[in-house]
Amino acid sequence: MTMSVAMTVNGKTVSGNVEARTLLVQFLRETLGMTGTHVGCDTSQCGACVVHVDGVSVKSCTILAVQADGSKVTTIEGLAESPEKLHPMQEAFRENHGLQCGFCTPGMVMSAIDLVKRHNYAVTEEIVRHGLEGNLCRCTGYHNIVKSILAGAQAMKAAGV
Ligand code: FES
Ligand code: FES
């Protein structure tokens, strides 16, 4: 069965016809061509697919596109003001070498921003490590990711975002 969906993605209204079983991540990647959101597993474990739905981080492989109908979705593509001006959390990952292959990075950044906001910018190493339990990285050993998120939290606070 095909159903129509409409939502705001990164500030733009988008719509499409999808199979009822289409996952949000499939809609983003395959219908909209926004491939910044990654698929790393089939089991809701890796967190590579995290986006924000109405401001809250969500694994986009765990919800259907039709469940996001009418929502505001933000993906990694929607964070930077411009190619020259990254979101403070993206910049912090770059500065602190928070990535190697980069496959997990979109999900890490999206989860990190929500985590920081939920804690009103006051994150500690323990909070960050605990908060990242749903995001897997095969490359970095997490040390620089944690460092990036702590730096990103400060930069977000300073920038008021
Ligand atoms: S692709 Fe969604 S959690 Fe792995
Ligand atoms: S940087 Fe390679 S999986 Fe995380």
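The values are calculated or read from the model by the stated rules, or taken from the named source; none is laboratory data. The structure presented is a predicted model; accordingly, all values stated were derived computationally and were not measured. As a convention, Cβ positions derive from the backbone with ideal geometry for all residues, glycine included, and neighbour counts pool all protein chains shown. For the accessible areas, the whole protein counts, side chains as well, though only heavy atoms, and no ligand, DNA or RNA atoms are used. Shrake-Rupley method; radii C 1.70, N 1.55, O 1.52, S 1.80 Å.
In the list GLU95, GLU19, GLU77, which residue meets the criterion of being under 23 Å from GLY141 (Cβ atoms) and at pLDDT 95 or above?
The match here is GLU95.
Among the residues of the range 131-161, count how many are modelled with pLDDT of 95 or more, of a type in the set (Gly, Ala, Ser) and over 16 Å from LEU115 (Cα atoms).
2
Taking the range 129-145 as the search range and keeping residues that are surrounded by fewer than 23 Cβ atoms within 10 Å (Cβ to Cβ) and assigned to a helix (DSSP H, G or I), which one is farthest from the chain's Cα centre (by Cα)?
Taking the candidates together, the pick is HIS143.
Looking at the range 16-26, which of its residues are assigned to a strand (DSSP E or B) and of a type in the set (A, V, I, L, M)?
VAL18, LEU23
Consider the range 54-84. How many of its residues are under 17 Å from CYS104 (Cα atoms), open to solvent by 40 Å² or more (accessible area, probe 1.4 Å) and of a type in the set (Val, Ile, Thr)?
Of the residues in that region, 2 qualify.
What pairs can you find where one residue is in the range 129-157 and within 14 Å of ligand 2 (Cβ to nearest atom), the other is among the aromatic types (Phe, Trp, Tyr), and their Cβ atoms are less than 6 Å apart, with a gap of 6+ or different chains?
From residues that are within 14 Å of ligand 2 (Cβ to nearest atom), the pairs are SER148/PHE93.
Identify, by number, the condition in (1) buried (at least 19 other Cβ atoms within 10 Å of the Cβ); (2) under 23 Å from LYS117 (Cα atoms) that VAL18 doesn't meet.
Result: VAL18 passes all but (2).
Just to be sure I understand the filter: pairs with C-beta atoms under 7 Å, separated by 6 or more residues or on different chains, first member in the range 29-45 and open to solvent by less than 70 Å² (accessible area, probe 1.4 Å), second member in a loop (DSSP other than H, G, I, E, B) and polar (S, T, N, Q). Which pairs pass?
MET34/THR75; GLY36/THR75; THR37/SER60; THR37/THR75; SER44/THR62
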